[in-house]
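What follows is calculated from the coordinates using simple rules that are stated; it is not laboratory data. As the structure is a prediction and not an experimental result, all values here were calculated from the model. Methodologically, a virtual Cβ is constructed for each residue, glycine included, from the backbone with ideal geometry; neighbour enumeration extends over all protein chains shown.
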Amino acid sequence: MHVLEDWADESLYWYEVYLRFALPANAKVWAAAVAKHDAAPIRLTAPLTVPRAMGQALRAQGTGRKSEFTVLRELERHLEAVEGLLGAASYLVGESLTLADISVFAQLYCVGETPEGRRAIDGHESVQKWMARVAALTD
């Protein structure tokens, strides 16, 4: 359970950040979204500063040095890994909801808020069903 929680936080997180802030069309939307409750000067500068700051973090971490094609291919591999972990089970670890499910779900939920991430998740029916189960238990 703890290994999957760490994987979600230390790996899947960067795919979510990449999809939200490294792709210009998404960056415009998400930079505005993260600053929508801030003061006017921050809201005005966020479309420039937020993607730049996130891009620096992404490059330092390594994911930001990859092409969109490579990131999406790796995301696909991660989704296949989730499918493999699930197999015929309802949850990632054991017979009930655990921190592993919540952690991986949270990152994939955020990934799915981008058009590219949604398309990737939509290609994995078992992941979609698992996400629906987790959402129903955590709403």
Whole-Hz Karplus couplings 3J(HN,Hα) for segment 70-86, θ = phi - 60° and coefficients 6.51, -1.76, 1.60, Gly and Pro as x, run 5, 4, 5, 5, 5, 4, 4, 4, 5, 5, 5, 5, 4, 4, x, 5, 5
For a footprinting-style exposure proxy, rank Ser90, Ser96 by other Cβ within 10 Å, fewest first. Ser96, Ser90
Please list 3J(HN,Hα) in residue order for segment 62-67, calculated via the Karplus relation 6.51 cos²θ - 1.76 cosθ + 1.60 where θ = phi - 60°; whole Hz, with x for glycine and proline. x, 4, x, 8, 9, 6
What angle do you read, to the nearest 10 degrees and between 0 and 90, between the alpha-carbon axis of helix 99-111 and the longest principal axis of the chain? 40 degrees
Cα-based helix-to-principal-axis angle, 24-35 vs the chain, degrees rounded to 10: 90 degrees
What distance in nm separates the simple spin-label points at Ser67 and Asp38, each placed 7 Å from Cα in the Cβ direction? 3.3 nm
Segment Thr49-Glu113, length gained on full extension (0.36 nm per residue, minus Cα span): 20.9 nm
Folded to 0 to 90 degrees: helix 40-61 orientation relative to the chain principal axis, Cα: 60 degrees
Per residue of the chain, what 222 nm ellipticity follows from adding -39500 (n - 2.57) for every DSSP H run with n ≥ 4, rounded to the nearest 500? -23500 deg cm²/dmol
May I ask you to derive the FRET efficiency for Ser90 and Glu10 from their Cβ-Cβ distance with R0 = 41 Å, giving the value to the nearest 0.05? 0.95
Could you work out which residue, out of Pro41, Pro51, Pro115, moves most in a Gaussian network model of the chain, that is, has the largest mean-square fluctuation with Cα springs under 10 Å? Pro41
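Mind putting a number on the dipole of the chain about its Cα centre? Charges go on the C-beta only, +1 for Lys and Arg and -1 for Asp and Glu, and I need it in Debye to the nearest 20. Each step should come with its number before you reach the end.
Numbers: 14 positive and 18 negative charges, 156 e Å.
Rounded to the nearest 20 debye, it is 740 debye.
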Residue-count net charge about Val50 - beta-carbon cut-off 12 Å; Lys, Arg +1, Asp, Glu -1: +4
Quick query: amide H of Thr114 versus all other amide H atoms, modeled in the peptide plane; which residues come in under 5 Å with a sequence gap of 5 or more or a different chain? none
With unit charges on the beta carbons (Lys and Arg positive, Asp and Glu negative) and the dipole taken about the Cα centre of the chain, which residue among Ala60, Thr49, Cys110 sits farthest to the positive side? Thr49
Before anything else, pin down the relative contact order of the chain: Cα pairs under 8 Å, at least 6 apart, normalised by residue count, whole percent. 31 percent
Between the modelled labels at Ala25 and His2 (7 Å from Cα along Cα→Cβ) the distance in nm is 4.3 nm
Among Ala40, Ala32, Ala120, determine the one that fluctuates most according to a GNM of the chain built with springs between C-alpha atoms less than 10 Å apart. Ala40
